[in-house]
Ligand code: BV8
């Protein structure tokens, strides 16, 4: 078995579940009678901006009250100590990976930490509600701020860097994701094609479980520290 030098780790909502942040599909993915696919889309935003801004204001406020858990901390420790290449690609918009100390991190679906002004195309650090249409800190325009998250039909961030890392990986680990959303759900196949070994750590088999060389099922706060040690 060739030595492991380069690692890519994909995380999803399951890695933050034990911090008290709701996942998308465990609770049936329903929120105020809307599925995340309906709310997290440009069409949904155009149709009912208040509903979408309220959805994100609620989640941003909830995230601010949560703490990283043992899984985030174990990944941050691995990131700090791993001498080879390592990249954590998270689908999550919470900032628990960085608050646990992770550095080599990409938020492919954006982050709740910023607001994006579609007027001047600037992303600004943001913690307040967007529902009452505050002015953009950069250009002062009102009514152009949206959450800096990637909705369905929008291009995820930094895909070139992600595929570059996957193509160099010796090990690909998927943690706490249902494998329901692409392109993230396809990364395991890219990793296999690049010759990487693949491992799934999840509460239950994901939709792509059969693509993994190995799968361990249970809570992330047990599986991840055990795997990192
Ligand atoms: C794009 C916004 C192209 C931010 C999100 C048909 C076939 C294939 C693809 C498509 C298709 N039709 C449409 C598409 C594309 C679409 C897609 O994949 N749709 C799906 C529904 C079929 N994808 C897109 O549109 C993407 N963009 O393709 O662009 C393009 C190309 C060129 C130019 C322009 C565009 C964009 C996708 C991003 C959408 N945005 N969120 C936010 O609000 O957060 S997606 C949303 O779901 C979240 O961001 C999250 O990242 C994502 C996946 O959810 P998970 O993280 O996996 O969470 P989930 O609840 O599903 O699962 C949790 C898991 O954890 C479970 O397995 C559970 O068992 C486990 N778990 C729970 N507790 C624990 C645990 N595990 C361990 N321990 C625990 N304690």
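In the stretch 71-89, the qualifying residues are those that are surrounded by fewer than 17 Cβ atoms within 10 Å (Cβ to Cβ), more than 26 Å from residue 182 (Cα to Cα) and touching a residue at least 60 places away in the same chain (Cβ under 8 Å), and the one that is nearest to the chain's Cα centre (by Cα) is 77. Taking first residues from the stretch 102-122 that are at positive phi and partners that are within 14 Å of the ligand (Cβ to nearest atom), the Cβ contacts under 6 Å between residues at least 6 apart in sequence or on separate chains come to 110/93; 110/148; 110/149; 110/150.
Suppose we filter 147, 68 for residues that are touching a helix residue (DSSP H, G or I) at 6+ places or on another chain (Cβ under 9 Å), on the phi < 0 side of the Ramachandran plot, crowded, with 18+ Cβ neighbours inside 10 Å and in a loop (DSSP other than H, G, I, E, B); which single one remains? Selected residue: 68, the only one of 147, 68 that is touching a helix residue (DSSP H, G or I) at 6+ places or on another chain (Cβ under 9 Å), on the phi < 0 side of the Ramachandran plot, crowded, with 18+ Cβ neighbours inside 10 Å and in a loop (DSSP other than H, G, I, E, B). For the stretch 182-229, what are the residues that are near the ligand (Cβ under 8 Å from one of its atoms), crowded, with 21+ Cβ neighbours inside 10 Å and under 18 Å from the mean Cα position of the chain (by Cα)? Those that are near the ligand (Cβ under 8 Å from one of its atoms), crowded, with 21+ Cβ neighbours inside 10 Å and under 18 Å from the mean Cα position of the chain (by Cα): 184, 201, 202, 206, 220.
Checking each residue in the stretch 105-123 for being in a loop (DSSP other than H, G, I, E, B) and surrounded by fewer than 17 Cβ atoms within 10 Å (Cβ to Cβ) picks out 118, 119, 120, 121. Beta carbons closer than 6 Å, at least 6 apart along the sequence or on distinct chains, pair a first residue in the stretch 181-201 that is under 26 Å from residue 35 (Cα atoms) with a second that is assigned to a loop (DSSP other than H, G, I, E, B) for 184/91; 185/179; 185/208; 188/208; 200/212.
Laboratory data are not the source of any read-out in this text; all were calculated from the coordinates shown. Nothing here was measured: the structure is a model prediction, and the numbers come from that model. Using ideal geometry, Cβ is built from the backbone for each residue, glycine included, and neighbour counts are taken over all protein chains shown.
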